[in-house]
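Everything on this sheet refers to the single structure shown next.
The values are calculated or read from the model by the stated rules, or taken from the named source; none is laboratory data. Keep in mind the model is a prediction, meaning the values are calculated, not measured. A quick note on method: Cβ atoms are made from the backbone with ideal geometry, for glycine too, and the neighbour counts reach across all protein chains shown. Accessible surface is based on the protein model in full, side chains and every heavy atom, while ligands, DNA and RNA are left aside. Shrake-Rupley method; radii C 1.70, N 1.55, O 1.52, S 1.80 Å.
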Amino acid sequence: MKIHEYQAKELFKDFAIPVPEGMVAYTKEDTVEIAEKIGYPCVIKAQVHAGGRGKAGGVKLARNRDEALGFAEEIIGMHIKNLQTGAQGKKVRKVLVEKGVNIVNELYLAIIMDREKAMPVVIASSEGGMEIEKVAEEHPDHIFKEYIHPITGLSNFHSIILSFKLGLNKTEQRLFSELVSNLYKLFMEKDASIVEINPLVITDTEELIALDAKVNFDDNALVKHSDIMELRDTDEEDPFEVEASKYKLNYIKLDGNIGCMVNGAGLAMATMDILKYYKGDPANFLDVGGGTSEERIKEAFKILIADKNVKVVFINIFGGIVRTDIVAIGVVNAAKSMNINIPVVILLRGTNEKQGRKIIEESGLNFIAETDFKKAALKSVELSRGDKDVNSCK
Ligand code: ADP
Ligand code: MG
(Lines give C-alpha, C1' and ligand atoms only; values in the text may rest on other atoms or scores of the structure.)
(Ligands and ions follow the chains in the order given, each with its own letter.)
Protein backbone atom coordinates (compact mmCIF):
# COMPACT_ATOMS: atom_id res chain seq x y z
CA MET A 1 0.00 0.00 0.00
CA LYS A 2 1.17 3.50 -0.82
CA ILE A 3 0.60 6.69 1.16
CA HIS A 4 1.06 10.38 0.39
CA GLU A 5 4.17 12.41 1.16
CA TYR A 6 2.33 14.46 3.83
CA GLN A 7 1.23 11.25 5.59
CA ALA A 8 4.73 9.78 5.38
CA LYS A 9 6.10 12.97 6.92
CA GLU A 10 3.65 12.71 9.85
CA LEU A 11 4.96 9.20 10.37
CA PHE A 12 8.54 10.51 10.16
CA LYS A 13 7.73 12.98 12.96
CA ASP A 14 6.53 10.10 15.16
CA PHE A 15 9.96 8.49 14.67
CA ALA A 16 11.90 11.72 15.29
CA ILE A 17 12.99 12.08 11.66
CA PRO A 18 13.28 15.82 10.90
CA VAL A 19 10.94 17.22 8.21
CA PRO A 20 10.12 20.83 7.27
CA GLU A 21 7.16 22.46 9.00
CA GLY A 22 4.10 21.94 6.78
CA MET A 23 0.40 21.17 6.42
CA VAL A 24 -1.88 19.69 3.81
CA ALA A 25 -4.46 21.85 1.96
CA TYR A 26 -7.40 20.90 -0.26
CA THR A 27 -8.31 24.36 -1.58
CA LYS A 28 -6.45 27.46 -2.76
CA GLU A 29 -7.88 29.43 0.20
CA ASP A 30 -6.45 26.92 2.68
CA THR A 31 -3.15 26.90 0.79
CA VAL A 32 -2.77 30.67 1.19
CA GLU A 33 -3.83 30.57 4.84
CA ILE A 34 -1.20 27.92 5.63
CA ALA A 35 1.44 29.73 3.56
CA GLU A 36 0.80 32.94 5.53
CA LYS A 37 1.18 31.02 8.78
CA ILE A 38 4.39 29.26 7.72
CA GLY A 39 5.94 32.30 6.08
CA TYR A 40 7.84 32.72 2.81
CA PRO A 41 9.50 31.25 0.89
CA CYS A 42 7.29 28.19 1.11
CA VAL A 43 6.94 25.21 -1.19
CA ILE A 44 3.63 24.00 -2.63
CA LYS A 45 3.74 20.33 -3.49
CA ALA A 46 1.21 18.19 -5.38
CA GLN A 47 0.14 15.15 -3.33
CA VAL A 48 -0.30 12.11 -5.56
CA HIS A 49 0.91 8.53 -5.25
CA ALA A 50 3.85 9.09 -7.62
CA GLY A 51 7.27 10.67 -7.69
CA GLY A 52 8.74 12.93 -10.36
CA ARG A 53 6.32 15.70 -9.36
CA GLY A 54 8.98 18.40 -9.49
CA LYS A 55 9.73 17.73 -13.15
CA ALA A 56 6.01 17.57 -13.98
CA GLY A 57 5.44 21.06 -12.54
CA GLY A 58 3.86 19.84 -9.31
CA VAL A 59 6.40 21.40 -6.89
CA LYS A 60 6.70 25.22 -6.77
CA LEU A 61 8.47 27.72 -4.52
CA ALA A 62 6.25 30.66 -3.54
CA ARG A 63 7.88 33.89 -2.30
CA ASN A 64 4.72 35.79 -1.39
CA ARG A 65 0.95 35.55 -1.01
CA ASP A 66 0.22 36.18 -4.72
CA GLU A 67 2.60 33.43 -5.82
CA ALA A 68 1.13 31.01 -3.25
CA LEU A 69 -2.35 31.68 -4.62
CA GLY A 70 -1.19 31.39 -8.24
CA PHE A 71 0.61 28.08 -7.66
CA ALA A 72 -2.31 26.67 -5.66
CA GLU A 73 -4.64 27.47 -8.60
CA GLU A 74 -2.17 25.89 -10.98
CA ILE A 75 -1.42 22.71 -9.04
CA ILE A 76 -4.78 21.75 -7.45
CA GLY A 77 -6.72 19.98 -10.21
CA MET A 78 -3.73 19.45 -12.52
CA HIS A 79 -2.77 16.00 -13.81
CA ILE A 80 0.70 14.67 -13.07
CA LYS A 81 1.75 12.43 -15.92
CA ASN A 82 4.96 10.38 -16.02
CA LEU A 83 6.20 6.79 -16.08
CA GLN A 84 5.03 6.25 -12.50
CA THR A 85 1.46 7.41 -13.07
CA GLY A 86 0.68 5.54 -16.31
CA ALA A 87 -0.88 7.09 -19.40
CA GLN A 88 -3.91 8.64 -17.68
CA GLY A 89 -1.86 10.55 -15.15
CA LYS A 90 -2.98 11.33 -11.61
CA LYS A 91 -5.28 14.18 -10.67
CA VAL A 92 -4.00 16.41 -7.86
CA ARG A 93 -6.63 16.76 -5.13
CA LYS A 94 -4.46 18.25 -2.39
CA VAL A 95 -1.15 19.97 -1.81
CA LEU A 96 1.43 20.01 0.96
CA VAL A 97 2.43 23.54 1.92
CA GLU A 98 5.79 23.53 3.67
CA LYS A 99 8.60 25.80 4.74
CA GLY A 100 11.24 26.52 2.09
CA VAL A 101 14.59 25.07 3.10
CA ASN A 102 18.01 26.46 2.13
CA ILE A 103 19.70 23.45 0.61
CA VAL A 104 23.48 23.05 0.73
CA ASN A 105 23.66 19.39 -0.30
CA GLU A 106 21.14 16.82 -1.55
CA LEU A 107 21.59 13.15 -0.61
CA TYR A 108 19.60 9.99 -1.26
CA LEU A 109 18.61 7.51 1.45
CA ALA A 110 16.35 4.48 1.32
CA ILE A 111 15.69 1.17 3.06
CA ILE A 112 14.16 -1.62 1.04
CA MET A 113 13.76 -5.36 1.41
CA ASP A 114 16.31 -7.20 -0.72
CA ARG A 115 14.42 -10.29 -1.84
CA GLU A 116 17.44 -12.22 -3.06
CA LYS A 117 19.40 -11.77 0.17
CA ALA A 118 16.18 -11.86 2.22
CA MET A 119 17.24 -8.93 4.39
CA PRO A 120 16.76 -5.16 4.49
CA VAL A 121 19.33 -3.01 2.75
CA VAL A 122 20.15 0.63 3.45
CA ILE A 123 20.94 2.47 0.22
CA ALA A 124 22.61 5.88 0.23
CA SER A 125 23.97 8.16 -2.45
CA SER A 126 25.60 11.54 -2.67
CA GLU A 127 23.54 12.18 -5.82
CA GLY A 128 20.22 13.05 -4.16
CA GLY A 129 17.33 14.89 -5.78
CA MET A 130 17.70 13.02 -9.07
CA GLU A 131 16.15 9.84 -10.39
CA ILE A 132 18.07 7.16 -8.54
CA GLU A 133 17.61 4.70 -11.44
CA LYS A 134 19.59 7.08 -13.64
CA VAL A 135 22.35 7.46 -11.04
CA ALA A 136 22.51 3.66 -10.73
CA GLU A 137 22.95 3.38 -14.48
CA GLU A 138 25.41 6.22 -15.06
CA HIS A 139 27.34 6.32 -11.76
CA PRO A 140 26.88 2.99 -9.97
CA ASP A 141 29.99 3.87 -7.92
CA HIS A 142 28.00 6.72 -6.31
CA ILE A 143 25.54 4.33 -4.72
CA PHE A 144 26.41 2.68 -1.41
CA LYS A 145 24.67 -0.25 0.24
CA GLU A 146 24.70 -1.79 3.69
CA TYR A 147 22.81 -5.05 4.22
CA ILE A 148 21.22 -5.42 7.66
CA HIS A 149 20.76 -8.87 9.11
CA PRO A 150 17.24 -8.83 10.60
CA ILE A 151 18.30 -10.82 13.66
CA THR A 152 21.22 -8.63 14.71
CA GLY A 153 19.62 -5.46 13.35
CA LEU A 154 21.13 -2.11 12.48
CA SER A 155 24.30 -1.02 14.26
CA ASN A 156 26.03 2.30 14.40
CA PHE A 157 28.87 1.00 12.21
CA HIS A 158 26.47 0.54 9.27
CA SER A 159 25.65 4.26 9.32
CA ILE A 160 29.25 5.28 9.96
CA ILE A 161 30.50 3.30 6.94
CA LEU A 162 27.82 4.97 4.80
CA SER A 163 28.53 8.46 6.12
CA PHE A 164 32.26 8.05 5.35
CA LYS A 165 31.41 7.02 1.80
CA LEU A 166 29.07 10.00 1.48
CA GLY A 167 31.88 12.30 2.66
CA LEU A 168 29.96 13.73 5.63
CA ASN A 169 31.67 15.80 8.35
CA LYS A 170 31.53 14.96 12.09
CA THR A 171 28.28 16.82 12.85
CA GLU A 172 26.59 15.47 9.74
CA GLN A 173 27.76 11.95 10.61
CA ARG A 174 26.09 12.13 14.02
CA LEU A 175 22.83 13.42 12.54
CA PHE A 176 22.95 10.84 9.77
CA SER A 177 23.46 7.89 12.15
CA GLU A 178 20.54 9.03 14.29
CA LEU A 179 18.30 9.45 11.25
CA VAL A 180 19.19 6.08 9.71
CA SER A 181 18.53 4.39 13.03
CA ASN A 182 15.09 6.04 13.31
CA LEU A 183 14.24 5.23 9.71
CA TYR A 184 15.18 1.58 10.25
CA LYS A 185 12.93 1.49 13.32
CA LEU A 186 10.04 2.83 11.24
CA PHE A 187 10.75 0.36 8.44
CA MET A 188 10.68 -2.63 10.79
CA GLU A 189 7.91 -1.58 13.20
CA LYS A 190 5.47 -0.60 10.45
CA ASP A 191 6.31 -3.48 8.09
CA ALA A 192 7.24 -1.12 5.27
CA SER A 193 8.42 -2.51 1.96
CA ILE A 194 10.23 0.71 1.09
CA VAL A 195 11.13 3.95 2.86
CA GLU A 196 12.81 6.49 0.62
CA ILE A 197 14.04 10.04 1.21
CA ASN A 198 15.02 11.76 -2.01
CA PRO A 199 16.36 14.28 -1.35
CA LEU A 200 17.68 14.10 2.19
CA VAL A 201 19.21 17.56 2.52
CA ILE A 202 21.91 19.28 4.51
CA THR A 203 20.80 22.85 5.18
CA ASP A 204 22.78 26.08 5.59
CA THR A 205 22.28 25.73 9.36
CA GLU A 206 23.83 22.23 9.29
CA GLU A 207 20.61 20.33 9.83
CA LEU A 208 19.71 17.07 8.12
CA ILE A 209 16.11 17.18 6.86
CA ALA A 210 13.88 14.80 4.87
CA LEU A 211 12.59 17.01 2.05
CA ASP A 212 10.69 14.23 0.31
CA ALA A 213 9.19 11.10 1.87
CA LYS A 214 7.98 7.92 0.29
CA VAL A 215 6.74 4.95 2.31
CA ASN A 216 5.11 1.80 0.93
CA PHE A 217 3.81 -1.00 3.13
CA ASP A 218 3.66 -4.76 2.83
CA ASP A 219 -0.05 -5.42 2.13
CA ASN A 220 0.13 -8.79 3.86
CA ALA A 221 1.15 -7.15 7.13
CA LEU A 222 -1.55 -4.44 7.11
CA VAL A 223 -3.82 -6.52 9.37
CA LYS A 224 -1.35 -5.68 12.16
CA HIS A 225 -1.46 -1.93 11.52
CA SER A 226 -4.92 -0.36 11.73
CA ASP A 227 -3.31 3.10 12.02
CA ILE A 228 -1.65 2.60 8.62
CA MET A 229 -4.84 1.18 7.06
CA GLU A 230 -6.54 4.47 7.91
CA LEU A 231 -4.07 6.30 5.65
CA ARG A 232 -5.31 4.48 2.54
CA ASP A 233 -6.52 6.88 -0.17
CA THR A 234 -8.72 4.99 -2.62
CA ASP A 235 -8.89 8.08 -4.89
CA GLU A 236 -5.33 7.18 -5.89
CA GLU A 237 -6.11 3.57 -6.75
CA ASP A 238 -7.71 1.98 -9.80
CA PRO A 239 -11.52 1.93 -9.18
CA PHE A 240 -11.80 -1.69 -10.38
CA GLU A 241 -9.02 -2.72 -8.00
CA VAL A 242 -10.73 -0.91 -5.12
CA GLU A 243 -14.01 -2.72 -5.88
CA ALA A 244 -12.21 -6.09 -6.15
CA SER A 245 -10.43 -5.58 -2.81
CA LYS A 246 -13.83 -5.24 -1.09
CA TYR A 247 -14.51 -8.88 -2.03
CA LYS A 248 -10.91 -10.02 -1.39
CA LEU A 249 -10.40 -10.78 -5.08
CA ASN A 250 -6.82 -10.65 -6.33
CA TYR A 251 -7.40 -8.34 -9.27
CA ILE A 252 -4.90 -6.24 -11.20
CA LYS A 253 -6.05 -4.08 -14.09
CA LEU A 254 -4.11 -4.42 -17.34
CA ASP A 255 -4.37 -2.72 -20.75
CA GLY A 256 -5.74 -5.55 -22.93
CA ASN A 257 -9.27 -6.61 -23.93
CA ILE A 258 -9.69 -10.22 -22.76
CA GLY A 259 -11.27 -10.25 -19.31
CA CYS A 260 -9.90 -13.25 -17.40
CA MET A 261 -11.51 -15.01 -14.45
CA VAL A 262 -9.24 -17.72 -13.11
CA ASN A 263 -8.77 -19.56 -9.84
CA GLY A 264 -5.26 -19.77 -8.46
CA ALA A 265 -2.38 -17.40 -9.14
CA GLY A 266 -0.40 -20.03 -11.08
CA LEU A 267 -3.26 -20.86 -13.41
CA ALA A 268 -4.01 -17.14 -13.80
CA MET A 269 -0.43 -16.53 -14.95
CA ALA A 270 -0.50 -19.57 -17.26
CA THR A 271 -3.74 -18.22 -18.74
CA MET A 272 -2.18 -14.83 -19.40
CA ASP A 273 0.89 -16.52 -20.90
CA ILE A 274 -1.14 -18.62 -23.32
CA LEU A 275 -3.24 -15.61 -24.38
CA LYS A 276 -0.06 -13.63 -25.04
CA TYR A 277 1.41 -16.63 -26.89
CA TYR A 278 -1.56 -16.52 -29.26
CA LYS A 279 -1.10 -12.74 -29.56
CA GLY A 280 -4.03 -11.84 -27.36
CA ASP A 281 -4.04 -9.20 -24.63
CA PRO A 282 -5.42 -9.88 -21.14
CA ALA A 283 -7.46 -7.01 -19.65
CA ASN A 284 -6.62 -8.08 -16.14
CA PHE A 285 -5.11 -10.57 -13.78
CA LEU A 286 -7.86 -12.05 -11.62
CA ASP A 287 -7.45 -14.88 -9.18
CA VAL A 288 -10.79 -15.61 -7.53
CA GLY A 289 -8.96 -17.88 -5.08
CA GLY A 290 -9.58 -21.36 -3.81
CA GLY A 291 -12.80 -22.33 -2.00
CA THR A 292 -14.53 -19.36 -3.53
CA SER A 293 -18.23 -18.56 -3.04
CA GLU A 294 -21.01 -17.93 -5.52
CA GLU A 295 -21.18 -14.30 -4.40
CA ARG A 296 -17.49 -13.65 -5.06
CA ILE A 297 -17.76 -15.20 -8.53
CA LYS A 298 -20.69 -12.89 -9.20
CA GLU A 299 -18.79 -9.80 -8.06
CA ALA A 300 -15.73 -10.82 -10.08
CA PHE A 301 -17.86 -11.20 -13.16
CA LYS A 302 -19.42 -7.79 -12.61
CA ILE A 303 -15.99 -6.16 -12.38
CA LEU A 304 -14.85 -7.81 -15.63
CA ILE A 305 -17.95 -6.71 -17.51
CA ALA A 306 -17.74 -3.14 -16.15
CA ASP A 307 -14.35 -2.67 -17.88
CA LYS A 308 -15.27 -1.07 -21.20
CA ASN A 309 -12.10 -2.38 -22.88
CA VAL A 310 -13.20 -5.98 -22.40
CA LYS A 311 -14.35 -7.58 -25.68
CA VAL A 312 -14.57 -11.17 -24.45
CA VAL A 313 -14.50 -12.90 -21.08
CA PHE A 314 -12.44 -16.03 -20.60
CA ILE A 315 -13.40 -18.04 -17.53
CA ASN A 316 -10.83 -20.70 -16.73
CA ILE A 317 -11.53 -22.69 -13.58
CA PHE A 318 -9.76 -25.76 -12.33
CA GLY A 319 -11.77 -27.36 -9.58
CA GLY A 320 -9.51 -28.64 -6.86
CA ILE A 321 -10.98 -27.28 -3.66
CA VAL A 322 -13.40 -25.07 -5.51
CA ARG A 323 -16.32 -26.93 -7.06
CA THR A 324 -16.88 -26.06 -10.70
CA ASP A 325 -20.66 -26.45 -10.33
CA ILE A 326 -20.63 -23.68 -7.69
CA VAL A 327 -18.64 -21.51 -10.08
CA ALA A 328 -21.13 -22.29 -12.84
CA ILE A 329 -24.06 -21.24 -10.63
CA GLY A 330 -22.28 -18.00 -9.71
CA VAL A 331 -21.52 -17.20 -13.32
CA VAL A 332 -25.04 -18.02 -14.52
CA ASN A 333 -26.68 -15.96 -11.76
CA ALA A 334 -24.39 -13.02 -12.42
CA ALA A 335 -24.90 -13.23 -16.18
CA LYS A 336 -28.68 -13.40 -15.80
CA SER A 337 -28.73 -10.35 -13.52
CA MET A 338 -26.69 -8.29 -15.99
CA ASN A 339 -27.02 -7.24 -19.55
CA ILE A 340 -24.08 -8.99 -21.19
CA ASN A 341 -23.50 -8.28 -24.82
CA ILE A 342 -20.02 -9.71 -25.19
CA PRO A 343 -19.06 -13.35 -25.74
CA VAL A 344 -18.02 -15.52 -22.80
CA VAL A 345 -15.69 -18.49 -23.24
CA ILE A 346 -15.79 -20.91 -20.33
CA LEU A 347 -13.49 -23.78 -19.47
CA LEU A 348 -14.43 -25.82 -16.41
CA ARG A 349 -12.30 -28.75 -15.38
CA GLY A 350 -11.79 -30.74 -12.19
CA THR A 351 -14.21 -31.30 -9.32
CA ASN A 352 -17.81 -31.70 -10.52
CA GLU A 353 -16.95 -30.56 -14.04
CA LYS A 354 -19.78 -32.54 -15.61
CA GLN A 355 -22.35 -30.93 -13.31
CA GLY A 356 -20.74 -27.55 -13.96
CA ARG A 357 -20.97 -27.92 -17.72
CA LYS A 358 -24.56 -29.11 -17.45
CA ILE A 359 -25.51 -25.98 -15.50
CA ILE A 360 -23.95 -23.81 -18.21
CA GLU A 361 -25.65 -25.77 -21.04
CA GLU A 362 -29.06 -25.66 -19.40
CA SER A 363 -28.82 -21.99 -18.43
CA GLY A 364 -30.03 -20.78 -21.80
CA LEU A 365 -27.05 -18.40 -21.90
CA ASN A 366 -25.06 -18.19 -25.06
CA PHE A 367 -21.72 -19.20 -23.51
CA ILE A 368 -18.99 -20.93 -25.48
CA ALA A 369 -18.10 -23.98 -23.41
CA GLU A 370 -14.71 -25.51 -24.18
CA THR A 371 -13.03 -28.61 -22.75
CA ASP A 372 -9.45 -27.90 -23.85
CA PHE A 373 -7.19 -25.11 -22.54
CA LYS A 374 -5.51 -24.40 -25.88
CA LYS A 375 -8.77 -24.28 -27.82
CA ALA A 376 -10.41 -22.08 -25.21
CA ALA A 377 -7.48 -19.63 -25.29
CA LEU A 378 -7.47 -19.52 -29.11
CA LYS A 379 -11.21 -18.95 -29.16
CA SER A 380 -10.87 -16.05 -26.68
CA VAL A 381 -8.12 -14.42 -28.72
CA GLU A 382 -10.09 -14.84 -31.92
CA LEU A 383 -13.17 -13.24 -30.38
CA SER A 384 -11.13 -10.40 -28.88
CA ARG A 385 -9.89 -9.50 -32.35
CA GLY A 386 -13.15 -10.04 -34.17
CA ASP A 387 -11.28 -12.60 -36.37
CA LYS A 388 -13.06 -15.56 -37.84
CA ASP A 389 -9.94 -17.53 -38.63
CA VAL A 390 -8.68 -19.14 -35.44
CA ASN A 391 -5.46 -20.31 -37.10
CA SER A 392 -4.46 -16.72 -37.80
CA CYS A 393 -3.63 -16.35 -34.11
CA LYS A 394 -0.94 -19.01 -34.19
P1 ADP B 1 9.53 14.71 -6.50
O2 ADP B 1 10.57 13.71 -6.11
O3 ADP B 1 8.19 14.09 -6.65
O4 ADP B 1 9.92 15.53 -7.68
P5 ADP B 1 10.38 16.28 -4.17
O6 ADP B 1 9.68 16.36 -2.88
O7 ADP B 1 11.65 15.50 -4.20
O8 ADP B 1 9.35 15.76 -5.27
O9 ADP B 1 10.66 17.78 -4.65
C10 ADP B 1 11.37 18.08 -5.83
C11 ADP B 1 12.48 19.07 -5.53
O12 ADP B 1 11.93 20.28 -5.00
C13 ADP B 1 13.47 18.60 -4.49
O14 ADP B 1 14.52 17.84 -5.06
C15 ADP B 1 13.97 19.89 -3.89
O16 ADP B 1 15.05 20.39 -4.67
C17 ADP B 1 12.78 20.82 -4.02
N18 ADP B 1 12.06 20.95 -2.74
C19 ADP B 1 11.11 20.12 -2.28
N20 ADP B 1 10.66 20.51 -1.06
C21 ADP B 1 11.37 21.62 -0.73
C22 ADP B 1 11.41 22.50 0.41
N23 ADP B 1 10.61 22.32 1.48
N24 ADP B 1 12.28 23.55 0.39
C25 ADP B 1 13.09 23.74 -0.67
N26 ADP B 1 13.10 22.96 -1.76
C27 ADP B 1 12.26 21.91 -1.81
MG1 MG C 1 11.80 13.39 -4.57
Checking the conditions here, which among GLY22, GLY54, GLY58 is at pLDDT below 95, in contact with a strand residue (DSSP E or B) (Cβ under 9 Å, 6 or more places away or on another chain) and either open to solvent by 40 Å² or more (accessible area, probe 1.4 Å) or within 16 Å of ligand 2 (Cβ to nearest atom) (or both)? GLY54
Please identify the pairs in which a residue from the range 90-105 that is touching a residue at least 12 places away in the same chain (Cβ under 8 Å) has its Cβ atom under 8 Å from the Cβ atom of a residue that is part of a strand (DSSP E or B) and surrounded by fewer than 16 Cβ atoms within 10 Å (Cβ to Cβ), counting only partners at least 6 apart or on another chain. LYS90/HIS79; LYS91/HIS79; VAL92/HIS79; GLY100/LEU61
Tell me the residue from ASN309, ASN250 that is in contact with an Asp or Glu (Cβ under 7 Å, 6 or more places away or on another chain), in contact (Cβ under 8 Å) with a residue 12 or more places away in the chain and in the same structural domain as LYS336 (by TED's automatic domain parsing), please. ASN250
Among residues of the range 39-65 being free of Cβ contacts under 8 Å to residues at least 24 places away in the same chain and of a type outside the set (A, V, I, L, M, F, W, C), the residue nearest to ligand 1 (Cβ to nearest atom) is GLY54
Kindly indicate which of GLU178, GLU137, GLU172, GLU196 is under 28 Å from HIS49 (Cβ atoms) and assigned to a helix (DSSP H, G or I). GLU137
One residue from PHE144, PHE240 being in contact with a strand residue (DSSP E or B) (Cβ under 7 Å, 6 or more places away or on another chain), of a type outside the set (S, T, N, Q) and open to solvent by less than 40 Å² (accessible area, probe 1.4 Å): PHE144
Per the list (1) in the same structural domain as GLU127 (by TED's automatic domain parsing); (2) touching a Leu at 6+ places or on another chain (Cβ under 8 Å); (3) more than 16 Å from ligand 1 (Cβ to nearest atom); (4) of a type outside the set (D, E, K, R), residue check on VAL262 breaks on (1)
On the given criteria, is LYS336 at pLDDT below 95 and in a helix (DSSP H, G or I)? yes
Is one or more of the residues making up the range 171-179 modelled with pLDDT under 95 and open to solvent by less than 60 Å² (accessible area, probe 1.4 Å)? no
Subset of the range 1-42 (residues that are farther than 30 Å from ASP238 by Cβ and part of a loop (DSSP other than H, G, I, E, B)): PHE15, ALA16, ILE17, PRO18, PRO20, GLU21, GLY39, TYR40, PRO41
Does GLU36 satisfy the criteria of being away from ligand 1 (no atom under 13 Å from the Cβ), of a type in the set (D, E, K, R), open to solvent by 20 Å² or more (accessible area, probe 1.4 Å) and touching a Lys or Arg at 6+ places or on another chain (Cβ under 8 Å)? yes
Given the conditions (1) charged (D, E, K, R); (2) within 25 Å of ASP219 (Cα to Cα); (3) within 12 Å of ligand 1 (Cβ to nearest atom); (4) surrounded by fewer than 20 Cβ atoms within 10 Å (Cβ to Cβ), which single one is not true for LYS2? (3)
Unique residue being open to solvent by less than 20 Å² (accessible area, probe 1.4 Å) and more than 16 Å from ligand 1 (Cβ to nearest atom) when the list is LEU208, LEU231, LEU249: LEU249
